[in-house]
Amino acid sequence: MSGASATSEKIPVRVYGGPTALVEYGGLRFVTDPTFDPPGEYPMPLPGDHKLVKTAPSPVTAAGLGRVDAVLLSHDTHEDNLDNAGRALLAEVPVVFTTESGAGRLGGSARGLAFWQTAELKRPDGGTVTVTGVPARHGPVGCEPISGDVIGFMLTSDDLPSVYVSGDNAALEHVKEIAEKFAPVDTAILFLGGARMPFAFDGALLTLDSALGADAARTLGARRVVPAHYDSWAHFQEGRAEIEAAFTEAGLADRLDFAR
């Protein structure tokens, strides 16, 4: 049995379109960036008539996920990472880990994490899961005043392989910092799609593209890569075919798990 398939059996992950995934870890059920709205448009708070456009329906409803113990929310300011139905879910969840600024806006059960800050959750079997906030940047250097703060996450536990959730990160230098502390990572849920908008930062990447995703996988020493954030929205520039091609070229195709 390959390492990837063995890991897959140990840590169930299911991707539900866009950035939304369900991770079952240590008996706890984590959901990343919840988005469940039907296709539609969301006006952007920028000069000009700019919109985020959702192009495909979500394959599951929030209720259809069943019990959710925690949400890992990379940021709360863009509808492709937290839409109306996703916001409604937050009120039902015991804890929402997100950026410090996002926790201030959301209130309720939201808990802000700084980069490298940790929080512990009790497992049903009496063990502990550690959630670590890890660095992310949603665009080129200096983008934060416009694109906002974002954060990634690492899940670790004494007897379980590690799981990394990148969030909307475009910075390989942050991936290298994470690898210095946590490599080899067992499962890396990478937000890919090569998101760009022609009016933002001269069209610079807002998330990793497929080639950078392969670089990130190698840097992390990831045994399994679960792509997310590459479909269902118009501003994603690369999809499954581009991801498969880039990982094949990098000699890492056997690490891919689309987890659909």
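Rule-based calculations on the coordinates, nothing more; no lab input. Worth saying up front: this structure is predicted, and the values here are computed from it rather than measured. Every residue, glycine among them, receives a Cβ derived from its backbone with ideal geometry; neighbour counts consider all protein chains shown.
What number, in percent, do you get for the relative contact order of segment 3-255 if the mean sequence gap of Cα pairs under 8 Å and at least 6 apart is divided by its residue count?
17
Give me the base-10 log of I(q)/I(0) for segment 21-140 at each q in 0.11, 0.15, 0.17 Å⁻¹, Debye formula, one uniform scatterer per Cα, rounded to two decimals.
-0.40, -0.72, -0.91
Specify, per residue and in Å³, the volume enclosed by the convex hull of the alpha carbon atoms belonging to segment 80-127.
Each residue corresponds to 102 Å³ of Cα convex hull volume.
Which Cα, out of G40, G66, A56, lies furthest along the positive dipole direction of segment 38-93 (beta carbon charges, K/R +1, D/E -1)?
Sorting the options by dipole projection puts first G66.
Any aspartates and glutamates with Cα under 20 Å of the K10 Cα? List them, leaving off those in the same chain fewer than 8 positions away.
Qualifying aspartates and glutamates at Cα under 20 Å: E24, D69, D125, D158, D159, D186, D254, D257.
Report the antiparallel proportion of the DSSP beta bridges in segment 24-95 as a percent, rounded to a multiple of 5.
Around 60 percent of the beta bridges assigned by DSSP in segment 24-95 are antiparallel ones.
Sorted by mean Cβ packing within 10 Å, highest first, what order do the peptides 163-170, 99-106 take?
Ranked by mean Cβ neighbours within 10 Å, highest first: 163-170, 99-106.
Just the Cα atoms of segment 200-260: what Rg and Dmax do they give in Å?
For segment 200-260, the Cα-based Rg and Dmax read 11.7, 34 Å.
Expressed in nm to one decimal, what extension gain is obtained for the pair E249 and V141 from 0.36 nm per residue of sequence separation less their Cα-Cα distance?
36.1 nm
Packing-wise, with mean Cβ within 10 Å as the measure, how do 74-86, 118-130 rank, highest first? Don't skip to the end; give the middle numbers.
Values: 74-86: 22.1, 118-130: 13.4.
With the highest mean Cβ count within 10 Å placed first, the list reads 74-86, 118-130.
Can you compute the charge dipole magnitude of the chain about its Cα centre, using +1 on each Lys and Arg Cβ and -1 on each Asp and Glu Cβ, nothing else charged? Give it in debye, rounded to the nearest 20.
440
What's the percent breakdown of Cα-Cα distances in segment 21-71 across 5 Å bins, shortest bin first?
Values per bin, smallest distances first: 5, 17, 21, 17, 14, 12, 8, 5, 1, 0.
Using +1 at the Cβ of each Lys and Arg and -1 at the Cβ of each Asp and Glu in segment 3-255, identify which of L82, W233, L206 lies farthest towards the dipole's positive end.
Farthest towards the positive end: L82.
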